[in-house]
1. Can you pull out the residues in the stretch 328-344 that are of a type outside the set (Val, Ile, Thr), in a helix (DSSP H, G or I) and within 19 Å of GLN67 (Cβ to Cβ)?
2. In the stretch 43-109, which strands (runs of 3 or more DSSP E) lie fully inside it and hold 2 or more residues that are touching a residue at least 60 places away in the same chain (Cβ under 8 Å) and in contact with a Lys or Arg (Cβ under 7 Å, 6 or more places away or on another chain)?
3. Restricting to the stretch 123-171, and then to whatever is touching a strand residue (DSSP E or B) at 6+ places or on another chain (Cβ under 9 Å) and more than 27 Å from GLY196 (Cβ to Cβ), can you tell me which residue is most open to solvent (accessible area, probe 1.4 Å)?
4. Mind checking which residues of the stretch 300-318 are part of a loop (DSSP other than H, G, I, E, B), of a type in the set (S, T, N, Q) and closer than 16 Å to GLY88 by Cα?
5. Please state which one of PHE59, PHE65, PHE77 is buried (at least 16 other Cβ atoms within 10 Å of the Cβ), of a type in the set (A, V, I, L, M, F, W, C), over 16 Å from MET237 (Cα atoms) and over 21 Å from the mean Cα position of the chain (by Cα).
6. Tell me, which residue of the stretch 81-122 that is crowded, with 19+ Cβ neighbours inside 10 Å and of a type in the set (D, E, K, R) is nearest to SER37 (Cα to Cα)?
7. Specify the residue that is farthest from PRO281 (Cα to Cα); the eligible residues are those in the stretch 314-326 that are open to solvent by 10 Å² or more (accessible area, probe 1.4 Å) and at pLDDT 95 or above.
8. Could you pull out the residue among SER191, SER187 that is open to solvent by 60 Å² or more (accessible area, probe 1.4 Å), polar (S, T, N, Q) and more than 22 Å from the chain's Cα centre (by Cα)?
Amino acid sequence: MLNSKHLQRVRRLIKLTLLHALKVTGLFSICRWGTRSGLRILCYHGTTDHADLVKPKLFMQARTFEQRMRFLKKRGFPIVPLDLAFEGLGNGTLPKHATVITIDDGSQGTYRYALPILEELGIPATLYVTTSHLGMDIANIETLMEYAMRGSSAATLELPDLPKAIAGPWDLKNERALNQALEALVSYSESLEPAGRAALARTVVERLGLDWHAFEARKMFYMMDEGQIRAFAAAGMDIQLHTHHHRRQYQDEATFKDDIAENRHALSALVPGPFHHFSYPYGSYASRQFPWLEAADVKSATTCKSYFNYADTPRYELGRFLDGEDVSQIEFEAELSGVLEVLRRLRIA
């Protein structure tokens, strides 16, 4: 009997084999023509030079990112700024196969590795920036702790010297328990000063048997500072909204709008704007938020749901393909060519 992991590998192998076969038959070209009016929006997060990637959707190797960008240029996908693409959706002026590059969060890796590639190739991109970290030289605690918990070989996490609510033991081999541990730790960290949050992260990392100094040296979990955000914009890139606190859930209108207002205010102190486009943190959203966005003077919002965008696509529910280190080149080509879009419409992909 195949276990779930082996079954997933078999299914993936079948999928990749099928995609290669479809490419050879010319179906990629046919689907590209058939979906030519669809706006493709790509989503990226952090970029790194390290290969040991625990979170492949969150950290893409720089060489993979460069390969993607060069493919788009070589294959003639017009890469347009988000604002122009949004206008083109409404007035029918989009070029065929129009593509938008978006990057969420604003990690230092994006500045160090992705920006030089974008500049070299002359590719415009939109960076959705969260801002609560500005002025604090500390790592993104949530990302760091999740990376440590998933990357460690430890089966459990115990923090006996900390409050009972987060002390554990937490079963790290159980996905639900791991997520509960992360949620509890993040919630507790929000009550701490920056130094306290850093100390908490260090405690978690070391209790998992990992090297805190190695985590610090890699700078994978640090966000752009004010100067780097300014430099990103000065390079011709677009800076847009991603909330101030980057919460998983926003249950009420006042909290949601206040967080966007804080985000806009922080960004306006760094770059000119305007700030009319938004990306949902974690891709989490509800339709009740659409009028909240309109009231906050937001024109568009992107999700992490994979589909092409057309004139009738809801403007606060724009689709994006979440690219990552776990996406093979043939899968990326299948997405951009429209093969996966067609399969989704047929409910196959």
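1. Within the stretch 328-344, GLN329, GLU331, PHE332, GLU333, ALA334, GLU335, LEU336, SER337, LEU340 meet the criteria.
2. Once the strands (runs of 3 or more DSSP E) in the stretch 43-109 are filtered for at least 2 residues that are touching a residue at least 60 places away in the same chain (Cβ under 8 Å) and in contact with a Lys or Arg (Cβ under 7 Å, 6 or more places away or on another chain), what remains is 99-105.
3. Across the stretch 123-171, the extreme among qualifying residues is ALA155.
4. First, the residues of the stretch 300-318 that are part of a loop (DSSP other than H, G, I, E, B): 303-308, 310-317.
Going one step further and asking which of them are of a type in the set (S, T, N, Q), we end up with 303, 306, 313.
Hit for the stretch 300-318 is THR313, nothing else.
5. That would be PHE77, the only listed residue that is buried (at least 16 other Cβ atoms within 10 Å of the Cβ), of a type in the set (A, V, I, L, M, F, W, C), over 16 Å from MET237 (Cα atoms) and over 21 Å from the mean Cα position of the chain (by Cα).
6. Among them, the one singled out is ASP104.
7. It comes out as PRO314.
8. Working: SER187 fails: more than 22 Å from the chain's Cα centre (by Cα).
Of SER191, SER187, the one residue that is open to solvent by 60 Å² or more (accessible area, probe 1.4 Å), polar (S, T, N, Q) and more than 22 Å from the chain's Cα centre (by Cα) is SER191.
The values are calculated or read from the model by the stated rules, or taken from the named source; none is laboratory data. It should be emphasised that the depicted structure is a prediction, and the values quoted were computed from it without experimental measurement. Ideal geometry is used to build each Cβ from the backbone, glycine not excepted, and the neighbour counts take in all protein chains shown. Just so you know, the surface numbers come from the protein's heavy atoms only, side chains and all, with ligands and any DNA or RNA stripped out. Shrake-Rupley method; radii C 1.70, N 1.55, O 1.52, S 1.80 Å.
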